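The values are calculated or read from the model by the stated rules, or taken from the named source; none is laboratory data. Computed from a prediction, not measured in an experiment: that's the story for all the values here. Cβ sites come from the backbone with ideal geometry, for glycine too, and all protein chains shown count toward neighbours.
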C-alpha cells in the first residue's frame, strides 16, 4: 500500500485546485484533484481541509500549487497566490521533512 500523507491545506488553495475554470496552463492530475475533492474539513478550523494523499499525489499537488502561486501572483491575485504558496510549502515539508534554516 502506498504511503499516505495527511496535509492541511487552506480552503482558498483547495478552491483554486478544484475550480472548473482552472488556471491556463496549470494542470492537476485527476488523482490529485480527487484527493482534494474528497478531503475532510479540519475540525479545528473550517478554513483548512485535511488532504489525504499518496506520495505521488503529494508531488503532483506540490508542483501544481507552486505553478498556481506564480501564475496568480503575476495576475495580481495575491491572496490566492499566498494560499497556494503556503499549500506548496506544507506539501514540501511533508515530502522532504522539515527544512532547517540558520
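Condition test on residue 72, is it surrounded by 19 or more Cβ atoms within 10 Å (Cβ to Cβ) and not in a strand (DSSP E or B)? Here the answer is yes, as residue 72 does meet what is asked. Given the structure, is residue 80 within 21 Å of residue 6 (Cα to Cα) and either modelled with pLDDT under 95 or touching a helix residue (DSSP H, G or I) at 6+ places or on another chain (Cβ under 7 Å) (or both)? The answer is no for residue 80.
Within the stretch 64-92, count every residue that is touching a strand residue (DSSP E or B) at 6+ places or on another chain (Cβ under 6 Å) and within 13 Å of residue 17 (Cα to Cα). Qualifying residue count, the stretch 64-92: 2. Any residue at all in the stretch 33-50 that's touching a residue at least 24 places away in the same chain (Cβ under 8 Å), in a helix (DSSP H, G or I) and either in contact with a helix residue (DSSP H, G or I) (Cβ under 9 Å, 6 or more places away or on another chain) or surrounded by fewer than 21 Cβ atoms within 10 Å (Cβ to Cβ) (or both)? Yes, there is a match, as at least one residue in the stretch 33-50 is touching a residue at least 24 places away in the same chain (Cβ under 8 Å), in a helix (DSSP H, G or I) and either in contact with a helix residue (DSSP H, G or I) (Cβ under 9 Å, 6 or more places away or on another chain) or surrounded by fewer than 21 Cβ atoms within 10 Å (Cβ to Cβ) (or both).
When residues of the stretch 8-32 are filtered for being assigned to a strand (DSSP E or B) and surrounded by 20 or more Cβ atoms within 10 Å (Cβ to Cβ), how many remain?
Residues of the stretch 8-32 that are assigned to a strand (DSSP E or B), as a first pass: 8-10.
Still in the list and also surrounded by 20 or more Cβ atoms within 10 Å (Cβ to Cβ): 9-10.
So the count comes out to 2.
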